[in-house]
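In what follows, a single structure is set out as structure tokens and then discussed.
The values are calculated or read from the model by the stated rules, or taken from the named source; none is laboratory data. Bear in mind that the values here come from a model prediction, so they are computed numbers and not experimental data. Counting neighbours? That spans all protein chains shown, and the Cβs are built from the backbone with ideal geometry, glycine included. The area values use the complete protein model at the heavy-atom level, side chains included, leaving out ligands, DNA and RNA. Shrake-Rupley method; radii C 1.70, N 1.55, O 1.52, S 1.80 Å.
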Amino acid sequence: MENQPSFRQKLARLFNLLFILLLAILVLISIIFARVLNTEVYHSSQEKLNGLSSNVRQSFNDVESLAQTVLHNNTIITDLPKTAQIPMQTTETYHLRQEMQREVNTARLNIPNIKDVYLLNNKNENQAGYIFDSGDIGAGWSVSEIKRALAQQPNRQGRWFFSPNLTSAFYAQTVFDAPKLNRQPLGLLIIVADTSFIQSEIRHTQVFNRDDYFVMRYQHQLYTTETDGGPFKHFLKTHRYLADQTKQDYQIQKIQNQNYYFLQSQNETFGFYYFIHNRQILTRVIQFEAVLFILMILILSMIYFAMRRNLNDLVAPIQNLAQLMGTSKSADDLAKLKSTVAQTPYLTNQDEVGVLYRSFDRLIINMDELVVKNYQAKILTREMELKSLQAQIDPHFLYNTLDSINMLALSKGDQEISEMVTNLALLFRQRVKTNQTFATVATELKLVDAYIKIQTIRFGQRLAFSKTVAPDTLQLKMPSLMIQPLIENSMKYALSQMAETTKIQLIIQKEKQYLVIQVIDNGPGFKTVAAQSGGSTHVGLANIKQRLARLYNDQAQLTIDSTAYQATKVQISIPLVPQNKGKDVT
């Protein structure tokens with residue numbers, strides 16, 4: 001047989017396992033701490049860039065608000081179609097242009113980042129602004145191209161037009177005859193924006209440097225302020241960051257073998273993406289992780305050597321105790337073992353080892369006493385068997401004795417004897433309760449279960465017992481000590497006369513206003529006349545019949561149906577409401 005590992009080896013394995021676990025925990029803590037540091041850096045940068053995104057978005061909103069103000073100006077809506085009906089170089093046209101220019105100047109007052117505002121009639125004649133080329137408004141867009149693009153907008157909304165590198169941008173929207181509600185186009189409004197404010201806002205964040213990139217999304221198109229921003233546009237398209245237009249997140253991404261803090265802030269209209277290459281922050285995080293790793297190795301090394309050095313101090317008392325236990329082979333060694341334990345230096349320790357040795361010392365004393373008690377218990381058991389065959393036995397004395405036998409069996413690890421004694425005690429306790437005339441079906445079943453467990457241990461496979469009990473009968477009242485005698489009757493007159501397995505079945509159910517109890521066995525049966533006459537061969541059944549008559553008069557019945565070696569059924573029918581509850585039937 002292969003040698004089992006010693007306690008020292010097992011404890012060493014445990015220490016090694018704890019060491020590995022501690023190492024894993026420290027590594028996890030360092031990773032978490034580093035991530036927290038990164039997260040703090042991310043949050044600080046994102047707060048600044050969210051502010052940048054908010055400012056850029058607000059500037060765009062201001063331009064769109066200016067467009068709405070101009071489009072709903074009554075003077076402009078009235079004068080703009082007139083300019084298309086008269087020659088352009090007339091005095092009337094001049095006055096109309098002056099009025100519309102005045103309204104536009106008033107509307108754009110205090111709105112920053114506006115270069116110019118163009119107001120075109122249906123002839124593409126500019127009625128506001130000072131520089132206008134219909135072939136190239138800006139960002140490479142002509143008037144005809146702008147109109148075609150606006151025609152594709154849902155609900156005829158306005159839209160932005162940006163150059164690829166964000167050097168120029170303008171907002172355009174069709175002017176409609178809103179007061180007349182006929183939605184006829186009157187002209188075109190173009191607001192040219194100063195996009196240099198984007199670079200200004202980026203510089204004010206103090207987050208960007210020359211290696212960082214800014215990308216803006218508008219209607220699924222990407223724009224960047226840098227000429228070499230193509231890889232970053234490709235990254236956004238291939239990684240589907242444009243799909244979730246409400247997401248705000250930050251993480252580290254690798255683009256062209258470079259690590260970037262990637263931050264985004266977007267909604268349904270605009271998306272702003274920032275790629276920040278901040279080597280100083282990354283270097284600080286790496287340095288912190290290196291210092292933390294070295295410190296972790298030093299701490300773990302100290303812990304490991306301390307654990308190995310104190311292992312002997314921890315194992316020696318346990319090994320000594322194991323040797324002491326191994327010297328005890330029989331009851332004759334108890335006196336010598338008791339003397340040896342009393343002299344060990346660990347007995348006075350105030351730690352757990354001392355508690356263990358003192359407990360072992362008490363165990364030896366108890367074992368010595370138990371040997372004497374065991375001998376005395378055997379004598380007492382024989383005396384009890386003799387006295388039980390004589391006169392009546394004091395119930396309390398009997399219970400105490402059974403409890404002593406139970407404790408003795410448990411101390412020896414004999415669960416079968418303990419279970420048998422416990423059930424026997426339950427049977428005696430129910431037998432001597434002469435002051436209880438009635439009991440619940442559930443209580444009676446406990447008595448039956450105890451009796452069956454004893455007989456099962458006694459007869460083994462020769463006995464096959466089963467029961468079928470309707471749940472609604474468990475709390476019903478019935479005369480006490482009535483079911484168990486029926487089972488005992490079958491055991492006595494069936495099992496004792498059969499070599500094969502005796503099958504006993506208990507059935508309890510309600511039928512109309514009666515509680516019906518049936519005990520069925522496959523024994524040799526008996527003569528119905530003798531049983532019903534109360535003959536000496538079935539005293540238990542005769543007693544049950546007399547008790548039923550005293551309690552219920554003729555309301556209750558005991559019937560017998562017997563077919564030898566097939567089915568012998570004894571049935572009791574009890575009314576659900578007893579007739580003579582006050583009578584003592586014991």
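Identify, please: which residue in region 528-539 is hydrophobic (A, V, I, L, M, F, W, C) and surrounded by fewer than 19 Cβ atoms within 10 Å (Cβ to Cβ) and is, among those, modelled with the highest pLDDT?
Step one: list which residues in region 528-539 are hydrophobic (A, V, I, L, M, F, W, C), which gives 529-531, 539.
With surrounded by fewer than 19 Cβ atoms within 10 Å (Cβ to Cβ) added as a condition, the list becomes 529-530, 539.
Values: 529: 36, 530: 46, 539: 63.
Selected residue: 539.
Are there any helices (runs of 4 or more DSSP H) wholly within region 1-113 with 1 or more residues that are within 30 Å of residue 277 (Cβ to Cβ) and either of a type in the set (D, E, K, R) or at pLDDT 90 or above (or both), and if so which? First the steps, then the outcome.
Numbers: elements: 7-71, 74-83, 91-108.
In region 1-113, 7-71 are the helices (runs of 4 or more DSSP H) which contain 1 or more residues that are within 30 Å of residue 277 (Cβ to Cβ) and either of a type in the set (D, E, K, R) or at pLDDT 90 or above (or both).
Of the residues that sit in region 66-92 and are touching a residue at least 24 places away in the same chain (Cβ under 8 Å) and open to solvent by 20 Å² or more (accessible area, probe 1.4 Å), which one is farthest from the chain's Cα centre (by Cα)?
88
In the set 152, 219, 184, which member is among the polar types (S, T, N, Q), under 20 Å from residue 266 (Cβ atoms) and either within 52 Å of the chain's Cα centre (by Cα) or open to solvent by 70 Å² or more (accessible area, probe 1.4 Å) (or both)?
219
Suppose we filter 320, 278, 366 for residues that are farther than 30 Å from residue 214 by Cβ, polar (S, T, N, Q) and modelled with pLDDT under 75; which single one remains?
Numbers: 278 fails: farther than 30 Å from residue 214 by Cβ; 366 fails: modelled with pLDDT under 75.
Every option except 320 fails the conditions.
When region 344-361 is examined, which residues are found to be in a helix (DSSP H, G or I) and more than 45 Å from the chain's Cα centre (by Cα)?
The first filter runs over region 344-361 and keeps only residues in a helix (DSSP H, G or I), leaving 345-348, 352-361.
Scanning region 344-361 gives 345, 346, 347, 348, 361.
Any idea how many residues of region 497-525 are surrounded by fewer than 20 Cβ atoms within 10 Å (Cβ to Cβ), under 14 Å from residue 568 (Cβ atoms) and out of contact with any Ser or Thr (no Cβ under 6 Å at 6 or more places or on another chain)?
Total satisfying the criteria: 6.
Among all residue pairs at least 6 apart or on different chains, which show Cβ distances below 6 Å where the first residue, located in region 435-455, is within 25 Å of residue 514 (Cα to Cα) and modelled with pLDDT of 85 or more and the second is of a type in the set (Lys, Arg) and crowded, with 16+ Cβ neighbours inside 10 Å?
The qualifying pairs are 438/477.
Here's a check for you: in region 540-560, which residue that is in a helix (DSSP H, G or I) and farther than 24 Å from residue 493 by Cα is modelled with the highest pLDDT? If you could, list the steps in order and put the result at the bottom.
Narrowing region 540-560 to residues in a helix (DSSP H, G or I): 540-552.
Next, from what is left, pick out any that are farther than 24 Å from residue 493 by Cα: 549-552.
On the way: 549: 86, 550: 85, 551: 87, 552: 90.
Selected residue: 552.
Examine region 190-211 for a residue that is under 17 Å from residue 142 (Cα atoms) and in contact with a Leu (Cβ under 9 Å, 6 or more places away or on another chain), and state whether such a residue exists.
Keep residues of region 190-211 that are under 17 Å from residue 142 (Cα atoms), which gives 190-193.
Imposing the further condition that a residue be in contact with a Leu (Cβ under 9 Å, 6 or more places away or on another chain) reduces the set to 190-191.
Yes - at least one qualifying residue is present in region 190-211.
Any residue in region 450-468 that is of a type in the set (S, T, N, Q) and under 20 Å from residue 551 (Cβ atoms)? Quick ask: steps written out before the conclusion?
Let us first name the residues in region 450-468 that are of a type in the set (S, T, N, Q), namely 455-456, 461, 466, 468.
This time we only want the ones that are under 20 Å from residue 551 (Cβ atoms), so: none.
Within region 450-468 (the criterion being of a type in the set (S, T, N, Q) and under 20 Å from residue 551 (Cβ atoms)), the answer is no, since none of the residues qualifies.
Take region 476-520 and flag every residue that is of a type in the set (Asp, Glu) and modelled with pLDDT under 90. Full working, then the answer.
Applying the first criterion (of a type in the set (Asp, Glu)) to region 476-520 yields 488, 500, 511.
Matches in region 476-520: 488, 500.
Pairs please, first residue from region 14-28 and in contact (Cβ under 8 Å) with a residue 24 or more places away in the chain, second anywhere and not aliphatic (A, V, I, L, M), Cβ atoms under 8 Å, 6+ apart in sequence or on different chains.
Pairs found: 15/308; 19/304.
For the list (1) out of contact with any Leu (no Cβ under 8 Å at 6 or more places or on another chain); (2) farther than 30 Å from residue 347 by Cα; (3) at pLDDT 70 or above; (4) open to solvent by 60 Å² or more (accessible area, probe 1.4 Å), I need the number of the one condition that residue 253 fails.
Failed condition: (4).
Under 6 Å between Cβ atoms, which residue pairs at least 6 apart in sequence (or on different chains) link something in region 208-228 that is of a type outside the set (A, V, I, L, M, F, W, C) with a partner that is surrounded by fewer than 12 Cβ atoms within 10 Å (Cβ to Cβ) and at pLDDT 80 or above?
none
Specify the residue that is surrounded by the most Cβ atoms within 10 Å (Cβ to Cβ); the eligible residues are those in region 438-462 that are part of a helix (DSSP H, G or I) and of a type in the set (Ser, Thr, Tyr). Steps first, answer last, please.
We begin by selecting, within region 438-462, every residue part of a helix (DSSP H, G or I); these are 441-462.
Within this subset, residues satisfying the condition of being of a type in the set (Ser, Thr, Tyr) are 443, 451, 456.
Details: 443: 16, 451: 22, 456: 17.
By that ranking, first place goes to 451.
I'm told residue 410 meets every condition in (1) at pLDDT 70 or above; (2) open to solvent by less than 80 Å² (accessible area, probe 1.4 Å); (3) not acidic (Asp, Glu) except one. Can you identify the failing condition by its number?
If we test residue 410 against (1) at pLDDT 70 or above; (2) open to solvent by less than 80 Å² (accessible area, probe 1.4 Å); (3) not acidic (Asp, Glu), just (2) comes out false.
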